[in-house]
């Protein structure tokens, strides 16, 4: 009996705690919590896909588009590393976009926090060339690539 | 019809002995197969497009469309117009793709170089640019253990640096010494020409420009400020300027005897 009551108390406490913490986490995702990274916003109205989707799947999107670009020469799709770099450029003290050497770099803000090292910038430019900005980017495509990719990503999970 | 092999027995079969006789047989057989495939298209036409067969006339590729094997990009270089001291193509390539001399000539990357060739018997010299010859049967593609060295559908031979492990087999296999290995860490690469330490690289025929419907930087520079010796175009399109000139004039391909079918043609060498 005592054990049953204990279980009930534990369950209630967990539910209460979850109720308290969940809104806090929601707020944290919006960038309120001081311990979470705050990646630089892009220059346009919105990202090439929803922020939540990009947060989870940008690596798969980049990986797939990379092969299409290198091997098939398709350069118009929206998940382009060049596009990310151009749109999310962060200016340093000298008013020039910072490279991946700087912890302020868009990619590094999250990757440092998550302790995930990327080697993209051993070959790729980590800052836009002069004159490249959001204006130089292709408009958000109407093709449902994000949805196709989302289905693909889900199909990978066991 | 001699293939130069001492045994001479391998030729009659026509099974890839690399000699002229074998190639003729293979080409005839291939043409026959292409014809058969073309008739198959007419039979299976409902919803089926076999676009890779037959010499279809090339149209400008729409943005977002895959590189097509109906196109074969190539160059025609007229050595008579190539100035002896002119280096415009090399400089343009360096500017476009971001490679440069770092004072280590033994190991510096070199996508294109000028050669001066001298006939020792009569002292006659001429100069020409040498770069990746974008072969159909590229030895660099054959030997690559990871599939990083590949030939795009439209004939441009590239290195997928995501897959390259830097073994440099391709550099040894290339008869033209066209490839380089990056020995030092690099910074501030061009956004359209990623390159980095530990990978092999070579002329890309300015693939980023070609995909945008432009011509390679070396050809543009040669036409603008050089001798106008270089011409870029689709070898498969009989109406293209390059195909017309190749059909009209006597052209040479360097080490054509190797049977790699290079995409770079030279005149007056």
Among the residues of the range B:164-191, how many are free of Cβ contacts under 8 Å to residues at least 40 places away in the same chain and within 9 Å of chain A (Cβ to nearest Cβ)?
4
Are any residues in the range A:102-126 within 13 Å of chain B (Cβ to nearest Cβ), out of contact with any strand residue (DSSP E or B) (no Cβ under 8 Å at 6 or more places or on another chain) and part of a loop (DSSP other than H, G, I, E, B), and if so, which ones?
A:102, A:118, A:119, A:123, A:124, A:126
Give the number of residues within the range B:192-219 that are part of a loop (DSSP other than H, G, I, E, B), within 12 Å of another protein chain (Cβ to nearest Cβ) and more than 15 Å from the chain's Cα centre (by Cα).
9
Of the residues in the range A:40-55, those that are in contact (Cβ under 8 Å) with a residue 60 or more places away in the chain and either closer than 24 Å to residue A:92 by Cα or in a helix (DSSP H, G or I) (or both) come to A:40, A:42, A:43, A:44, A:46, A:53
Output the number of the condition that residue A:154 fails; it satisfies all remaining conditions of (1) away from chain B (no Cβ under 14 Å); (2) at pLDDT 90 or above.
(2)
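Please find, within the range A:66-78, the residue that is farthest from the other protein chains (Cβ to nearest Cβ) out of those that are at pLDDT 90 or above and part of a loop (DSSP other than H, G, I, E, B).
Start the filter on the range A:66-78 by keeping residues that are at pLDDT 90 or above, which leaves A:66-74.
Those still in the list that are part of a loop (DSSP other than H, G, I, E, B) too: A:73-74.
Details: A:73: 4, A:74: 6 Å.
For the range A:66-78, the residue satisfying everything is A:74.
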Of the conditions (1) assigned to a loop (DSSP other than H, G, I, E, B); (2) in contact (Cβ under 8 Å) with a residue 24 or more places away in the chain; (3) within 11 Å of chain A (Cβ to nearest Cβ), residue B:236 fails just one. Which one is it?
(3)
Identify, please: which residue in the range B:220-233 is surrounded by 19 or more Cβ atoms within 10 Å (Cβ to Cβ), closer than 20 Å to residue B:113 by Cβ and modelled with pLDDT of 95 or more and is, among those, nearest to the other protein chains (Cβ to nearest Cβ)?
B:232
Residue A:33 passes all but one of the listed conditions (1) part of a helix (DSSP H, G or I); (2) modelled with pLDDT under 80; the exception is number (1)
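The values are calculated or read from the model by the stated rules, or taken from the named source; none is laboratory data. Given the structure is predicted, the values throughout are model-derived calculations rather than measurements. Methodologically, a virtual Cβ is constructed for each residue, glycine included, from the backbone with ideal geometry; neighbour enumeration extends over all protein chains shown.
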